[in-house]
């Protein structure tokens, strides 16, 4: 085990062919521009930071992130808001699993503007 272990997620990077649409989408979720470099930059909402950058090739490279999980205090209201944005929903309603048992883990997944899977979750 390494001594200098991670303390949390610094950022999640998402390749994009449409940086303006990516920024606009995440701004509707409450993210603000942290670094604005035109075709690349960083967006922040609370402690969550997302980096966007030009896609490096026509195919998605090995190691692409499966999904981005974002903590959410009011999952039921967030679900309705995301549906209201017209996002493509991946999960069927709000789901749950025992990942954090005995705590409850509730979540839903939807697609972002680049096809990335986004999860809103609440563990309580």
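Values quoted throughout were computed directly from the atomic coordinates according to the rules given, and no laboratory measurement underlies them. As the structure is a prediction and not an experimental result, all values here were calculated from the model.
Annotations
- The stretch between residue 24 and residue 95, if pulled fully straight at 0.36 nm per residue, gains 22.8 nm over its current Cα-Cα span.
- Hydrodynamic radius of the chain by the Kirkwood approach over all distinct alpha-carbon pairs: 15.7 Å.
- In a fully extended conformation the segment linking residue 80 and residue 44 would gain 10.7 nm over its present Cα-Cα distance, using 0.36 nm per residue.
- Cα shape, region 84-124, gyration tensor, a/c 1.5 rule: prolate
- Restricting attention to the chain, close to 65% of DSSP beta bridges with both partner residues there are antiparallel.
- Residue of 31, 110, 100 that the Gaussian network model of the chain assigns the largest fluctuation, springs spanning Cα pairs under 10 Å: 100
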